[in-house]
Amino acid sequence: MSAYDPHAYHIDSLIFYGCISVMLINSLLAHATDTWWEVFISQLERLNTRKAIIVRPVVPCGATCPQSVLTQRLMGSHTVEDLTSCVLDFQGNMARVIYRKKTTLVEPDVEETHAAALDYVWTNSRLQVETAPDGTTLKWRQLGFSSENLSHEFTEAGVLGLDCLVSSTVWHKRTSFTRTAKENFCAG
């Protein structure tokens, strides 16, 4: 008679329910209507679903089993093929999401979320709108754009480019705050 492995059932259950969860997300990604697409994708991003499914290993809550034991159980499980299939389907769906974002036009005059994202970037740039000698407004050109027409500027990158610009702004804001805090508080 073999010794009872308390982790075996728990890990198999996690794999099974993890696979079912990923299958549900895949189904929702495949069948989300245009009306709810942006809301659904933003919720998935807010919950960091992509990282949870693709990057992080499956680790039971409060698990004390070493990672090598968990890996051995995952590799020896009959549901690994199902889990692999679910993850590959999810990766395919994420590729479609990225392509859709790349091909979706940035329209700050029409889409409130686009205008809010651009406003966030502009506000955090801490620049002031200036006027060129010829009387034209210099706002976005100060940030490196070649014109003030942002719909045209994001033609090639779409909403994906806007998302990258916002992420870059968030990162820069965080690092500059950390740098300022270190300068002010550690100068001692």
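The values are calculated or read from the model by the stated rules, or taken from the named source; none is laboratory data. As the structure is a prediction and not an experimental result, all values here were calculated from the model. Ideal geometry is used to build each Cβ from the backbone, glycine not excepted, and the neighbour counts take in all protein chains shown.
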Of the conditions (1) among the charged types (D, E, K, R); (2) surrounded by 15 or more Cβ atoms within 10 Å (Cβ to Cβ); (3) free of Cβ contacts under 8 Å to residues at least 60 places away in the same chain, residue 119 clears all except one; give me its number. (2)
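So, residue 113, is that one closer than 28 Å to residue 97 by Cα and in contact (Cβ under 8 Å) with a residue 60 or more places away in the chain or not?
Details: closer than 28 Å to residue 97 by Cα: yes; in contact (Cβ under 8 Å) with a residue 60 or more places away in the chain: yes.
In short, yes.
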Within region 33-141, considering only helices (runs of 4 or more DSSP H) that don't extend past its boundaries, which have at least 3 residues that are at pLDDT below 85 and outside the structural domain of residue 164 (by TED's automatic domain parsing)? 67-76, 80-103
